[in-house]
Amino acid sequence: MASPPRTSCSSSDASLPEQPRVAAPHDSWRTYFPTSLSHFLPGKRTTPVEKDHVVWLGFEHMRWGDQGIRRLYLLVAYVRGFQVWDVTNPEDVTSVFSHDDVAVKVAKFMPLAKNACPLADVQPLLAIVAAENTSSFPRTAVKLYSLRCSKYVRLFRFRAEVLSLATNDTHLMVVVRDHIFAFEPASLENPVFSLATFPSPHESGVAALGPRWVAYPGCGPVPSVAGPRHEQPKDLSGLAK
């Protein structure tokens, strides 16, 4: 099967464009909370300007830029898009990227791909799940947004609503109600593996992805473990998948 064509930005400049680094005002975070909650927030008691409500937050490490330094970013998903903040230095929190879009349920940095990947030229990428159904972005899809090109470059559709995402240095894991799917940057056309899980009882999904392990609720009953509580780990091998 022929390899998919490489995706690239229209610009011939392969380096990551300079992003605006606007220092965050001391109280700017207050404006993203509803006015009704202002009296619960620390600091000033002034009434904040009403803005989009935050629906999800997450910290992510990513090597961004020519120097390849591992930095800490805060991803903010709200009802009309998402933002990326560089919080590596608490004394210099800066806005890196902001995009107005549909309501975002969750966002995760994609693992960095090697040169053989069709999307290597448009990295870094954010994997995004929508919080509301629209014709262009249903809740059964995951979209990849290029921070280099400022546009969506790939869409994945699933048969069920996507509940959550998880990533490590090598894989993107997509969680639906009764399955999890794992993708590698170099093979985004098909998952490297999929696992049936016990149907999730809530909308956030039940699964965890570590550097080497995937934890999830299995479809069958949990094996009973007989004997004293200090059994060797080999006796518990059926509990972890």
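Here are some notes:
- Val175 at pLDDT 90 or above and in contact with a Gly (Cβ under 7 Å, 6 or more places away or on another chain): yes
- Among the conditions (1) in contact with a Phe, Trp or Tyr (Cβ under 8 Å, 6 or more places away or on another chain); (2) more than 14 Å from Val129 (Cβ to Cβ), Ala196 misses just one, which is (1).
- Of the residues making up segment 134-154, those that are within 23 Å of Pro191 (Cβ to Cβ) and of a type outside the set (Val, Ile, Thr) are Phe137, Pro138, Arg139, Ala141, Lys143, Leu144, Tyr145, Ser146, Tyr152, Arg154.
- Residue count for segment 121-169, restricted to those that are among the basic types (Lys, Arg) and closer than 26 Å to His202 by Cβ: 4
- Selection count, segment 118-132, where residues are surrounded by fewer than 19 Cβ atoms within 10 Å (Cβ to Cβ) and among the aliphatic types (A, V, I, L, M): 2
- Complete set of residues in segment 86-98 that are surrounded by 17 or more Cβ atoms within 10 Å (Cβ to Cβ) and closer than 16 Å to Ser146 by Cα: Val96, Phe97
- Extreme residue, surrounded by the most Cβ atoms within 10 Å (Cβ to Cβ), among residues of segment 136-145 that are modelled with pLDDT of 90 or more and either more than 16 Å from Leu75 (Cβ to Cβ) or polar (S, T, N, Q) (or both): Phe137
- Extreme residue, least open to solvent (accessible area, probe 1.4 Å), among residues of segment 146-157 that are outside any loop (DSSP other than H, G, I, E, B) and closer than 18 Å to Gln123 by Cα: Ser146
- Qualifying residue in segment 110-117 (condition: outside any helix (DSSP H, G or I), open to solvent by less than 50 Å² (accessible area, probe 1.4 Å) and at pLDDT 85 or above): yes
- Residue that is basic (Lys, Arg) and farther than 25 Å from Ala215 by Cβ, where the choices are Arg177, Arg80, Arg159: Arg80
- Taking each residue of segment 145-166 that is at negative phi and acidic (Asp, Glu) and looking for partners that are at pLDDT below 90 and outside any loop (DSSP other than H, G, I, E, B) with beta-carbon atoms closer than 7 Å, six or more apart or interchain, yields nothing.
- Of the strands (runs of 3 or more DSSP E) entirely within segment 158-199, those holding at least 1 residues that are surrounded by 19 or more Cβ atoms within 10 Å (Cβ to Cβ) occupy 164-167, 172-175, 179-183.
The values are calculated or read from the model by the stated rules, or taken from the named source; none is laboratory data. What you see is a predicted model; the values in this text were computed from it and never measured. Neighbour counts are summed over all protein chains in view; Cβ atoms, including those assigned to glycine, are modelled from backbone coordinates with ideal geometry. Areas reflect the complete protein model, heavy atoms only, side chains present, ligands, DNA and RNA absent. Shrake-Rupley method; radii C 1.70, N 1.55, O 1.52, S 1.80 Å.
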